[in-house]
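Q: This structure is in structure tokens; I'll ask about it shortly.
The values are calculated or read from the model by the stated rules, or taken from the named source; none is laboratory data. Keep in mind the model is a prediction, meaning the values are calculated, not measured. Here the Cβ positions follow ideal geometry from the backbone for every residue, glycine too, while neighbour counts run over all protein chains shown. For the accessible areas, the whole protein counts, side chains as well, though only heavy atoms, and no ligand, DNA or RNA atoms are used. Shrake-Rupley method; radii C 1.70, N 1.55, O 1.52, S 1.80 Å.
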Amino acid sequence: MSSNRQPIVSGNWKMNNNHFEAIQSVQKLAYLLQKDDFDAVEVTVHPPFTDLRSMQTLIDADQLRLKLGAQNCHSEDKGAFTGEVSPLFLSKLGVQYVIVGHSERRELFGETDEFVAAKVAAVLKHGMIPILCVGETLAERESGSTLDKVKRQVRIALDKRSNEHVKSMVIAYEPIWAIGTGKNASPADAQDVIAAIREEVASVASGPAAQAIRLQYGGSVKAGTIAEIMRQPDIDGVLVGGASLDPTEFARIVQYRRHAF
Ligand code: PEP
């Protein structure tokens with residue numbers, strides 16, 4: 001990347017690590033990462049909901065520079081939504097980032113673009129930052145509709161959001177066929193889609209918002225692949241699933257600058 005946007009590396013643990021395992025994992029990660037790493041790269045960790053209170057306590061007690069994230073939330077503050085989690089409750093737990101519209105939520109749990117947009121608004125309302133996920137299936141890629149799909153997802157999610165809010169956000173381009181499969185979009189392919197996302201943000205919000213918003217790539221990122229991804233001019237970070245479960249591998253991903261340049 002080549003701008004003054006701060007790189008952001010996020011670990012999505014999905015439905016892995018109970019709260020005991022979470023504490024161990026974060027302690028190890030905090031031990032492996034140095035002050036320089038945190039000065040250079042913002043690091044967010046997204047455990048399951050049941051781990052959040054333990055992680056908040058650990059981060060506060062040890063004054064860790066890791067940012068606490070959640071994997072999802074509902075769009076309403078409270079009410080008859082059995083099994084759902086309020087964004088208001090997440091903000092009270094010190095959560096700073098919330099993944100919204102992950103493809104597993106969209107594909108497995110039927111979340112629509114409109115529901116995702118309502119969640120983006122709710123997360124921002126409570127002073128947290130959404131990491132909005134967008135991406136195409138293999139069939140959509142093969143039929144040439146990648147850009148139509150991701151631009152539509154971006155447009156609907158950002159509609160009616162203020163420029164200030166858009167500037168603060170993160171969007172993760174995650175081709176669905178690359179998630180958890182060991183397959184990557186090539187860095188050049190990812191750059192092309194992400195550059196198109198930045199253009200779309202400029203047309204839905206504004207030029208300054210498009211320059212400020214941070215755009216991640218996600219899909220089977222590993223320590224050995226991140227350096228080339230981060231060399232792309234529009235890519236400001238990565239969203240990491242499987243490889244974030246191993247603190248040693250995740251720390252090496254965060255430290256990409258050491259083995260990259
Ligand atoms: C993800 O869960 O967002 C993800 C990108 O997973 P993985 O790194 O395992 O492909």
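Q: Is there a quick way to get the dipole size of region 8-260? I mean about its Cα centre, with the Cβ of Lys and Arg at +1 and of Asp and Glu at -1; what is the value in debye to the nearest 20? Intermediate values should be presented prior to the final figure.
A: Working: 28 positive and 32 negative charges, 77 e Å.
Around 360 debye, computed over region 8-260.
Q: A further question follows. Going by amide H atoms built from the backbone, whose H comes under 5 Å of the H on Ile129, apart from near neighbours?
A: Amide H neighbours of Ile129: Tyr97, Val98.
Q: Please compute the modelled spin-label separation between Leu88 and Ala202, points set 7 Å along Cα→Cβ, answer in nm with one decimal.
A: Modelled inter-label distance: 4.0 nm.
Q: Moving to a separate point now. Kindly write out, for region 126-131 in residue order, the coupling ³J(HN,Hα) from the Karplus curve 6.51 cos²θ - 1.76 cosθ + 1.60 (θ = phi - 60°), rounded to whole Hz, with x marking Gly and Pro.
A: 8, x, 9, 10, x, 9
Q: Can you tell me which of 126-132, 248-254 comes out highest on packing, and rank the rest after it, using the mean Cβ neighbours within 10 Å? Show your work: numbers first, answer last.
A: Details: 126-132: 22.0, 248-254: 20.1.
Put in order of decreasing packing, that is 126-132, 248-254.
Q: Next up: Which order do Asp77, Asp37 take when ranked by solvent-accessible area (1.4 Å probe, heavy atoms of all protein chains), largest first?
A: Numbers: Asp77 40, Asp37 0 Å².
Sorted descending by solvent-accessible area, the residues read Asp77, Asp37.
Q: With just the Cα atoms defining each centre, how far is region 110-140 from region 26-88? Give it in Å.
A: 18
Q: Additional query: Say R0 is 22 Å: what FRET efficiency, to the nearest 0.05, do Ser54 and Lys78 get from their beta-carbon distance? Could you put the intermediate results ahead of the total?
A: On the way: r = 23 Å, r/R0 = 1.07.
E(calc), rounded to 0.05, equals 0.40.
Q: Next question, about the same structure. Could you pull the Rg and Dmax for the chain, using just the Cα atoms, both in Å?
A: 17.0, 52
Q: When the Karplus curve 6.51 cos²θ - 1.76 cosθ + 1.60 is applied with θ = phi - 60°, which whole-Hz ³J(HN,Hα) does each residue of region 232-246 get, with x for Gly and Pro?
A: Once θ is set to phi - 60°, the couplings for region 232-246 become 6, x, 9, 9, 9, x, 9, 10, 10, x, x, 5, 7, 6, 9 Hz.
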